[in-house]
Amino acid sequence: MAESTLVIGTMSGTSCDGFDAALCRIGNDSGDVELLEVRQMDYPLRWVKVLRNLGECAPKEASEIEVEWSAWVLNALEGCLKDWEGKYGSPALMGFSGHTWFHEPNGRGTSAIGDAQMMADALGIPVVADYRSADVAAGGQGAPLVPLFDAHAFGVYGCCINLGGIANATVLPPESVQVRAWDVVGCNLLLNRQAGRLGMEYDADGGAASRGRLDAAAKTKLDQWAYLQTAPPKSLAAEDLMELHGILDDIALPEDALCTAVEWIAEAMVRSLKLSPLGGRVLLTGGGAHHGVLVHRIAHHMPQGWTIEVPDRSWVDGKEAAAFAWLAWRTMQGLPTSLASVTGAKSDICGGRVFGTFARQQKERDLRGIE
């Protein structure tokens, strides 16, 4: 039996700014993950607009978008493989996040676009996709999905925060009796929208936010957002942030809106975590970890004794894609991919649907890593 498996993981997040692919080497006995390379591919402006409006699409339109988007993704992945195979060998498996179409675990359910069968056929490797549905069917939120990976790969931390389009957090033992995690607040989705008022895609390092002033009245309204008062398990979709966008849009100066959003995100995030005063380490990843002002304000609000750590750029940008690689490996092992303590499902769930087979692909590719 081979000692490790090469696995690709992907992520297309709610910010809709790009597609991430990570190549990982996963130990077959331990499940330990070595992040070999991360590739970030910016979406053309057209795709940014299409994906940001995907949640409003009817099934027929979403299906048409899926076909074209899947072709774009496949082209991007083939470029990655062309560069990676010569250095590392041929990946044996892919964990495919797709891109969320809608996420309503307490309503119509959850769905993502992305033709995993086409990917498996074209790449010649099995593809694991649709991680959320089984958890939702078991009464869970279906998200967040990364906490199990956080517990395995970053267990030395008391808390892991991912500052994506939506910020989510994982609170780990011994800070918590069980792994706890939930979507906490809107993050880059809020900041990027306000940066757009200044003609920018995003507020690089928080430069505009640092020039703004806090709008106390708007922050009070943000503090009253009902979601903050709801106990976990809970999760968010981009459409759940419309009330917050409206409050920030009403602030006259975009710089003030950015300043207010940053302060609110930082304070609401830390307050929601309810970290003990014993102290510990907090890992920050995701696009927001590049926002110096936001990182500074999160550190400011942390209880005494807690330190903020931002890892190297590959983990900042690639942790969620790497997590999907690891989750795909877990699915193939028949191991849980989501935790009942996180999602509220009736039990830990082994989610993910497998497209393609190892047997077929062994004939077609130089398969290194699975025997």
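Each reported figure results from applying straightforward, stated rules to the coordinates on display, with no laboratory input. Since the structure is predicted, the reported quantities are computational estimates derived from the model, not experimental observations. For neighbour counting, all protein chains shown are included, and Cβ atoms are generated from backbone atoms with ideal geometry for every residue, glycine included.
Annotations for the structure displayed:
- Pairwise FRET efficiency - residue 353 versus residue 87, Cβ, R0 = 22 Å, nearest 0.05: 0.15
- Inter-probe distance in nm under a simple model that places probes 7 Å from Cα toward Cβ, at residue 53 and residue 2: 4.4
- Spin-label model distance (nm) - residue 252 vs residue 304, 7 Å beyond Cα toward Cβ: 4.1
- Look at 103, 300, 290 and count the other Cβ atoms within 10 Å of each Cβ; fewest to most, that gives 300, 290, 103.
- Bridge orientation summary for the chain: considering DSSP beta bridges with both residues in this region, about 75 percent are antiparallel.
- In order along the stretch 174-190, phi translates into HN-Hα couplings of x, 4, 10, 5, 10, 5, 10, 7, 6, 6, 9, 8, x, 9, 4, 4, 6 Hz, rounded to whole numbers, per the Karplus curve 6.51 cos²θ - 1.76 cosθ + 1.60 with θ = phi - 60° and x for Gly and Pro.
- Between residue 71 and residue 28, full extension at 0.36 nm per residue minus the direct alpha carbon distance yields a gain of 12.3 nm.
- The Kirkwood hydrodynamic radius of the stretch 241-370, based on inverse pair distances between different Cα atoms, is 18.6 Å.
- Amide proton proximity set for residue 110, modelled H, under 5 Å, gap of 5+: 104
- Put simply, the amide H of residue 236, placed in the peptide plane, has neighbours under 5 Å in 183, leaving out anything fewer than 5 places away on its chain.
- Restricting the stretch 275-357 to trypsin sites (Lys or Arg not before Pro) in coil, as DSSP defines it, with at most 16 other Cβ within 10 Å: 346
- Interchain or long-range residues, amide H under 5 Å from residue 43's placed H: 18, 19
- Put in order of Cβ neighbour count within 10 Å, fewest first, the listed residues 315, 69 become 315, 69.
- The charge dipole of the stretch 274-349, taken about its Cα centre with unit charges on the Cβ of Lys, Arg, Asp and Glu (plus for the first two, minus for the last two), comes to roughly 180 debye.
- Per residue convex hull volume, Cα atoms of the stretch 147-315, in Å³: 109
- Only Cα sites of the stretch 103-160 enter the Debye sum here, all with the same form factor; the resulting log10 I(q)/I(0) across q = 0.18, 0.20, 0.24, 0.30 1/Å is -0.80, -0.86, -0.93, -1.06, listed in q order.
- Each residue of the stretch 33-46 was assigned a 3J(HN,Hα) from its phi angle through the Karplus curve 6.51 cos²θ - 1.76 cosθ + 1.60 (θ = phi - 60°); the sequence is 10, 10, 7, 7, 8, 10, 10, 9, 10, 5, 6, x, 3, 4 Hz, with glycine and proline shown as x.
- For the stretch 184-256 and the stretch 106-160, distance of Cα centres in Å: 27
- Beta bridges from DSSP with both residues in the stretch 147-315: antiparallel share about 60 percent, rounded to the nearest 5.
- Förster-model FRET efficiency, 30 Å R0, residue 226 and residue 40, C-beta, rounded to 0.05: 0.30
- Residue with peak Gaussian network fluctuation, the chain [Cα springs, cutoff 10 Å], from 278, 244, 253: 278
- Computed [θ] at 222 nm, helices only, for the chain once each DSSP H run of length n ≥ 4 contributes -39500 (n - 2.57): -12000 deg cm²/dmol
- Sequence-distant lysines (8 or more away, or on other chains) whose Cα lies within less than 27 Å of residue 87: 319, 363
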